[in-house]
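Student: The structure's right below; bear with me while I get my questions together.
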Amino acid sequence: MYSAIVFLPLLGFLIAGGLGRVIGARSCEIVTTAFLMLGMVLSWIAFFQVGYGHQGAELVDLAPWFISGGLRVEWALRIDTLTVVMLVVVNTVSALVHLYSIGYMADDPSRPRFFAYLSLFTFAMLMLVTADNLVQMFFGWEGVGLASYLLIGFWYDRPSANAAAIKAFIVNRIGDFGFALGIFLVFTLFSSIAFNDIFARAPEIAKGSFHFLGFDWPPLTLACLLLFMGAMGKSAQFLLHTWLPDAMEGPTPVSALIHAATMVTAGVFMVARLSPLFEQAPFAQTAVLVIGAITAFFAATIGLVQNDIKRVIAYSTCSQLGYMFVGLGAGAYSIGIFHLFTHAFFKALLFLGAGSVIVAMHHEQDMRKMGGLWKSIPFTGAMMVVGTLALTGFPFTAGFYSKDAIIQAAYVSDREGHVFAFLCTAIAALMTAFYSWRLVFMTFSGPPHWAEAEAHAQDISDAHKPQAGTAFAPAADTSHEHGHGPVHPHESPLVMLVPLAVLALGALAAGFLFKGVFFGDAAEHFWNGSLVFKDEIVKRIEEVPFLVEHTALLMMILGSALAYWFYIVNPSLPGRLAAANPILYRFLLNKWYFDEIYDFLFVRPAKAIGRFLWKEGDGRLIDGFGPDGVSARVIDVARGAVRLQSGYLYHYAFAMLIGVAGFITYFIVMGAR
């Protein structure tokens, strides 16, 4: 069963990618979606068998991989509670995204390639979460990076998509460099990269020291910091976050798959999987806690002023990932994974709902050109409201249980920086409620701004029409082409609405249904050693003061009320406030100027160095004195020699005379010596 769960997406990729032109786009959609649906069902069966059956870790041996000196790597699937939780998350979201994409990508001429990429991405993520050693995890890690590059740049005829794909690939390589160094150090310390071996010896290794860069380091602290660097890149944490918003250039189903449950949660999963190592490295745990808190606050501030509907949700993802790392850094690993679990449902719901809005608005993504959509697309509006309620932590929704628990875990933690993390997450909860309801109010309430959108639709019509040899075409229903007549928003087809309804059920019910097993009374038996579970943190959470217990609820109410006041009661207030504070507004609108700073510090110097090496090093030096230079001198000599071949006999006789005179002179001089 476990092998089928992992390899069904790979089979779908091979069929769609290799036989897509033969069997046709519809067959590719059906095959890949059916495989993922089957994988989803099997994943839920495994979830209840392993988690609720208290089954210990099981290894499914596939094959020996390679042996290099003292390094022996086996290809095996590690099946425990943490694994099956991730299997459920990955396969459920991926299956629903596949189904949704049948409608969203209905008119795209490259559907077989798209569905092949989706399945490849899912397979790589499954390889990552089922890994039994660090090398196998790194294989899945890099596979996810490759597939995300292909998906973000799927519409390769658009320069912005190409730039976003390259940016995501390069920024992730920075984090992956740290991850690779961490794996090398773990092997140096443990002489193994198998999880069972390194977990068993972690307390012993933690007592030693490691000499690096002239200093003696706690070995596991250094290793965990390097490994966390990889998690920062993949999970878009502060300083390595810049790729995430630009990844919105990919199709909306890609945004849901990458940002909801798969790629960006890989770093969270990695830290949870390696929790026995992080428990022996308190400083590294503090780093996880503080970086997560900064990310939660920082991304929420940017989400306050963004106008692109997908970018608002993208920065929300970045902020929620910060929450997950706060839970992990506080030592509440199970709560961090619980938020990963609940977040997958409501964030995928929000992204796919945004895709339905974009289709209804004929690919318009600027919320300022929407408004009044509730009457035109009521079902999509209701689903977006459900996702917003869960994201903001409305009582009894999924986010209410997981996000509140993280804020409380930060308060009761004994890690340095926990007060800072508590304050950051509490303030971020207020901003989350504000920008989430801002999105809903700007999109679905107030007067419609479709007339303004019509001019924009006319401007972009040529760019959005399918062209011969390109990969882009309008999605779903194209009964109203861009720029032809007024915009008439309408509901998406049923194949796109069914996934929204399923995800809405998860966004509403996943919290209270699974709270007890993730960090409640049955949690220790549920996790069964698959991660470090601290019962004392759960007990401390139950004893927090009243104000702390209801901090998230109070912030949610205040943020929601502010959004209502700004965008319903007094809609002119946001513009006046932005005009009164232009520096702050531009600072947030330009995302704290991180792109500009990185462009100045890294991109431009790198381009200048590359240009210098190209022009001066390669062109003038290597080519000038190397192959091109040698060939040029040979040509010069040959050109001179050609001049001697005049065809006149007396010229040749004269040359022979000069030669004879030279020989005679040489022998006379040498003989005189």
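The values are calculated or read from the model by the stated rules, or taken from the named source; none is laboratory data. Just so it is clear, the structure is predicted and the values come from calculations on it, not from any experiment. Counting neighbours? That spans all protein chains shown, and the Cβs are built from the backbone with ideal geometry, glycine included. The area values use the complete protein model at the heavy-atom level, side chains included, leaving out ligands, DNA and RNA. Shrake-Rupley method; radii C 1.70, N 1.55, O 1.52, S 1.80 Å.
Student: Using R₀ = 30 Å, calculate the FRET efficiency as 1/(1 + (r/R₀)^6) where r is the Cβ-Cβ separation of R368 and H490; round to 0.05.
Tutor: The pair R368/H490 has a calculated efficiency of 0.90.
Student: Further, regarding this structure: For the pair Y666 and L621, what calculated FRET efficiency results from E = 1/(1 + (r/R0)^6), where r is the Cβ-Cβ distance and R0 = 56 Å, to the nearest 0.05?
Tutor: 0.90
Student: If each of V498 and E204 carries a label point 7 Å out from its Cα toward its Cβ, how far apart are those two points in nm?
Tutor: 5.5
Student: Check A76: other-chain or 5+ apart residues with amide H under 5 Å from its amide H, H built from backbone geometry?
Tutor: The answer is L62, D132.
Student: Would you rank E279, E536 by solvent-accessible area, highest first, keeping every protein chain in place and using a 1.4 Å probe?
Tutor: E536, E279
Student: Run down the lysines and flag those whose C-alpha is under 18 Å from the C-alpha of K234, throwing out any fewer than 8 positions away in its chain.
Tutor: Qualifying lysines at Cα under 18 Å: K167, K347.
Student: Explain nothing, just compute: Karplus ³J(HN,Hα) = 6.51 cos²θ - 1.76 cosθ + 1.60, θ = phi - 60°, for every residue of region 431-438 in order, whole Hz, x for Gly and Pro.
Tutor: Those phi angles translate into 5, 4, 5, 5, 6, 5, 6, 4 Hz.
Student: What is the distance in Å between the Cα centroid of region 242-315 and that of region 99-159?
Tutor: Computed from Cα coordinates, the inter-centre distance equals 18 Å.
Student: Also, quick follow-up: From the helices alone, meaning DSSP H stretches of at least four residues, give me the mean residue ellipticity at 222 nm for the chain, per-run term -39500 (n - 2.57), in deg cm²/dmol to the nearest 500.
Tutor: Roughly -22500 deg cm²/dmol at 222 nm, from the helical runs in the chain.
Student: Moving on to the next point. Give the residues of region 115-132 whose amide nitrogen is closer than 14 Å to a point set 7 Å from the Cα of L59 in the direction of its Cβ.
Tutor: 131-132
Student: Measure off, as a whole percent, the carbon and sulfur share of the 1.4 Å-probe accessible area of region 231-379, all protein chains present.
Tutor: On region 231-379, the fraction of accessible area on carbon and sulfur atoms equals 65 percent.
Student: Counting pairs of alpha carbon atoms under 8 Å apart in space and at least six apart in sequence, what relative contact order in percent does region 171-255 give?
Tutor: With pairs under 8 Å counted, the relative contact order is 38 percent.
Student: How large is the direction-averaged shadow of the alpha-carbon convex hull of region 266-369, in nm²?
Tutor: Mean projected area of the Cα convex hull: 6.6 nm².
Student: So how tilted is helix 159-190 from the main axis of the chain? Cα-based, degrees 0 to 90, rounded to 10.
Tutor: Rounded to the nearest ten degrees, it is 90.
Student: For a test of the definition: using alpha carbon positions, the gyration tensor, and the 1.5 limit on a/c, classify region 192-244 as rounded, prolate or oblate.
Tutor: Oblate, because a/c is 1.5 or more while a/b does not exceed b/c.
Student: Any lysines with Cα under 26 Å of the K539 Cα? List them, leaving off those in the same chain fewer than 8 positions away.
Tutor: In chain and number order, the partners are K403, K515.
Student: Sorting check: for 108-115, 361-368, which peptide has the highest mean count of neighbouring beta carbons within 10 Å, and how do the rest follow?
Tutor: Going from most to least packed, we get 108-115, 361-368.
Student: Taking amide H positions as placed in the peptide plane 1.01 Å from N, state which residues far from W217 in sequence (5 or more) or on other chains have amide H under 5 Å from it.
Tutor: For W217, whose amide H was placed from the backbone, the distant partners under 5 Å are F210, H211, F212.
Student: Leaving out ligands, DNA and RNA, and with a 1.4 Å probe, what % of the accessible surface on region 490-578 is carbon or sulfur?
Tutor: 68
Student: Now, a different point. Mind listing the phi-derived Karplus ³J(HN,Hα) values for region 116-132, rounded to whole Hz, using 6.51, -1.76 and 1.60 with θ = phi - 60°, and x for any glycine or proline?
Tutor: Ordered by residue, 3J(HN,Hα) equals 5, 5, 4, 5, 5, 4, 5, 4, 4, 5, 5, 5, 5, 7, 9, 5, 9 Hz.
Student: Of all the Cα-Cα pairs you can form in region 363-434, what percent are over 17 Å apart?
Tutor: Within region 363-434, distances greater than 17 Å cover 58 percent of Cα pairs.
Student: Follow-up question, since we're still on this one. Let a ≥ b ≥ c be the square roots of the eigenvalues of the Cα gyration tensor of region 537-597; is it rounded (a/c under 1.5), or, if not, prolate (a/b larger than b/c) or oblate?
Tutor: Judged from the Cα gyration tensor, region 537-597 comes out oblate (a/c at least 1.5, b/c at or above a/b).
Student: Right, something else. Mind giving me the FRET efficiency for E416 and M1? R0 is 35 Å, r the Cβ-Cβ distance, nearest 0.05 is fine.
Tutor: The formula returns an efficiency of 0.20 here.
Student: When a/c reaches 1.5 or more, the comparison of a/b and b/c decides; with that in mind, is region 67-186 rounded, prolate or oblate per its Cα gyration tensor?
Tutor: Oblate, since a/c reaches 1.5 and b/c is not below a/b.
Student: Enter the angle in degrees (range 0 to 90, nearest 10) between the Cα long axis of helix 333-360 and the first principal axis of the Cα atoms of the chain, meaning the one along which they spread out most.
Tutor: With rounding to tens, the tilt is 80 degrees.
Student: Quick one: what are the phi-derived ³J(HN,Hα) couplings along region 320-332, Karplus 6.51/-1.76/1.60 with θ = phi - 60°, whole Hz, x for glycine and proline?
Tutor: Listing the rounded values in order: 5, 5, x, 4, 4, 5, 4, x, 5, x, 6, x, 8 Hz.
Student: How big is the charge dipole of region 528-573 about its Cα centre, in debye rounded to the nearest 20, if each Lys and Arg gets +1 on its Cβ and each Asp and Glu gets -1 on its Cβ?
Tutor: That gives region 528-573 a dipole magnitude of about 140 debye.
Student: Using only the Cα atoms of region 549-673, what semi-axes does the equivalent ellipsoid have when each is the square root of 5 times a gyration tensor eigenvalue? Give whole Å, largest first.
Tutor: 88, 18, 11
Student: Compare the peptides 187-195, 216-224 by average per-residue count of other Cβ atoms within 10 angstrom and give them in order, highest first.
Tutor: Descending mean neighbour count gives 216-224, 187-195.
Student: Which whole-number percent gives the relative contact order of region 41-195, counting Cα pairs below 8 Å spaced six or more residues apart?
Tutor: Reported as a whole number, the value is 19 percent.
Student: Which residue, A124, F139, Y100, has the largest displacement toward the positive end of the dipole of region 10-159 when charges sit on each Cβ (Lys, Arg +1; Asp, Glu -1)?
Tutor: Farthest along the dipole direction, towards plus: Y100.
Student: If you don't mind, there's one more thing I want to ask. What is the extension gain from Y652 to F600, computed as 0.36 nm multiplied by their sequence separation minus the C-alpha to C-alpha distance, in nm to one decimal?
Tutor: Fully extending the segment from Y652 to F600 adds 12.0 nm.
Student: Could I ask something else about it? Would you give the gap between the C-alpha center of region 1-71 and the C-alpha center of region 588-615, rounded to a whole Å?
Tutor: Between the Cα centre of region 1-71 and that of region 588-615, the gap is 41 Å.
Student: Hey, what's the chain come to in accessible area per residue, 1.4 Å probe, Å²?
Tutor: That works out to 41 Å² per residue.
Student: Taking the Cα centre of the chain as origin and charging only Cβ (+1 Lys, Arg; -1 Asp, Glu), how large is the dipole, in debye to the nearest 20?
Tutor: Dipole size: approximately 1340 debye.
Student: Separate question: Just need the relative contact order of region 283-383 here, percent rounded to a whole number, with Cα pairs under 8 Å and 6+ apart.
Tutor: Here the relative contact order equals 28 percent.
Student: Take the chain, drop everything but the C-alpha atoms, weight them equally and run the Debye formula without solvent; then report log10 I(q)/I(0) at 0.07, 0.08 Å⁻¹ to two decimals.
Tutor: Debye intensities relative to I(0), on a log10 scale: -0.49, -0.61.
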